Amino acid sequence: MIHRIVYALGSLSLILSTTAASQTNPVIDIFPKGTTLHGNIAYNNDTLTKHLLDIYLSPNAKSKVPLVIFVHGGGWLVNDKYADIGYMKKTVAEIVGSGFALASIDYRFATQAIFPAQIQDCNRAVSFLYDNAEKYGLDKERFALIGFSAGGHLASLQGLSGNNQIDDFFMPNTSHDFAFKAVVDFYGPSELTSLKSSEDPKAPEAILLGATPIARPDLSKIASPVTYVDKNDPPFLIIHGGNDEIVWNRQSKLLNGWLTTAGVENELIIVPDAPHFGTMFDVENIRTKVISFLKKHLK
């Protein structure tokens, strides 16, 4: 089921890519009037379109503003740095309107390079932002992550593995110095062998790893965020749909259980009747939780 949904999303990705090609930035109007955009920044000093990021700065932003790094979803197979912003319009607008900078990053698809390429790209993007913080007016000591679905997996993995310094999760000769103050995980997988499609060789997680998680539990363990939970991890806000049939909310309940057992501050919100993604997550009570969480840990 999950891979069928992701392939359907491929059509959406094509539409988004076509729109992006015809406009400077297809989502800029979502942000507060006067938002400063630094668009299509090559974060790895190469020409790959999946190695680009956008930075959105609040109108009249002062120097050294806290940064929220936005990681898109799409089953590690589709979509781009504009995805998820489209149905989270009010939330992203309020993040920037509240004085945070937002950086939305692209990363290579699993069809281009299997894991750990995706987490390497995420860490490379953040190392670029850390190394260039002064240039863009960012506070390198106040970074947070927010991710959706596959992006929730990557944001969680990045946030949890950061203090473990896993060399394979970084590109050579890039900074490991950054840390995260907080992570917001929207319906991301946390333990790959327990996904309902973990025996399907056509499922996104199998394409990600180059094998099904059940056939290669060793690879699955390395790629699973819960593997890296310890008492030194940043606080988490975890949000999942009550009717998610793509990534069961048991994945978020498991992450919540591991974090709680380790003594890491975290909160799990199950949104009643909500599916895997959509505007049901961009409502006032969820948005208030997200903004309050970010303000608590970044300001």
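The values are calculated or read from the model by the stated rules, or taken from the named source; none is laboratory data. Remember, predicted model here, so these are calculated numbers, not experimental data. When we count neighbours, we look across all protein chains shown, and the Cβ atoms used for this are built from the backbone with ideal geometry, even at glycine. When the accessible area is computed, the model is the full protein with side chains, heavy atoms only, and any ligands, DNA or RNA have been set aside. Shrake-Rupley method; radii C 1.70, N 1.55, O 1.52, S 1.80 Å.
Here are the numbers for the structure shown:
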{"read-out": "Bridge type composition, the chain - antiparallel percent by DSSP, nearest 5", "value": "25"}
{"read-out": "Distance-filtered residues of the stretch 119-151 - backbone nitrogen under 19 Å, label point 7 angstrom along D177 Cα→Cβ", "value": "123-144"}
{"read-out": "Lys/Arg +1, Asp/Glu -1 at C-beta; the stretch 98-172 dipole; positive extreme among F109, A133, Q158", "value": "F109"}
{"read-out": "Nitroxide proxy distance, nm - points 7 Å out along Cα→Cβ at L48 and N164", "value": "2.2"}
{"read-out": "Straight-distance crosslink candidates among aspartates and glutamates, where the alpha carbon sits under 19 Å from K140 and sequence neighbours closer than 8 are dropped", "value": "D54, D121, D131, D177, D233"}
{"read-out": "For the chain, calculated [θ]222 nm from helices alone, where every DSSP H run of n ≥ 4 adds -39500 (n - 2.57)", "value": "-10500 deg cm²/dmol"}
{"read-out": "Electrostatic dipole magnitude of the stretch 114-246 [Cβ: Lys, Arg +1; Asp, Glu -1; Cα centre; debye, to 20]", "value": "100"}
{"read-out": "Choice from I269, I207, I166 showing the highest fluctuation, given a GNM over the chain with Cα pairs closer than 10 Å", "value": "I166"}
{"read-out": "Summed residue charge, Cβ within 12 Å of S175's Cβ, Lys/Arg positive, Asp/Glu negative", "value": "0"}
{"read-out": "Considering only the stretch 22-176, percent of DSSP beta bridges that pair antiparallel, nearest 5", "value": "45"}
{"read-out": "Solvent exposure of the stretch 192-299 as accessible area per residue, Å², 1.4 Å probe", "value": "47"}
{"read-out": "GNM flexibility winner over the chain from V283, V184, V229 (Cα, springs under 10 Å)", "value": "V283"}
{"read-out": "Span from the the stretch 236-299 Cα centroid across to the the stretch 91-126 one, whole angstrom", "value": "19"}
{"read-out": "Estimated inter-spin distance, T288 and K221, nm [label 7 Å along Cα→Cβ]", "value": "4.4"}
{"read-out": "Nearest-20 debye value, the stretch 149-216 charge dipole, Cβ charges on Lys, Arg, Asp, Glu", "value": "120"}
{"read-out": "Residue-by-residue Karplus 3J(HN,Hα) for the stretch 148-155, coefficients 6.51, -1.76, 1.60, Hz, glycine and proline x", "value": "10, 6, 4, x, x, 4, 5, 5"}
{"read-out": "Among Q120, T24, P275 the positive-end extreme of the charge dipole of the chain (Cβ point charges)", "value": "T24"}
{"read-out": "Within a Gaussian network of the chain (alpha carbon springs, distance under 10 Å), most fluctuating of K64, K221, K135", "value": "K135"}
{"read-out": "Cβ charges +1 (Lys, Arg) and -1 (Asp, Glu), total dipole of the chain, debye", "value": "520"}
{"read-out": "Selection from S252, L298, L237, by position along the positive dipole direction of the stretch 212-299 (Cβ)", "value": "L298"}
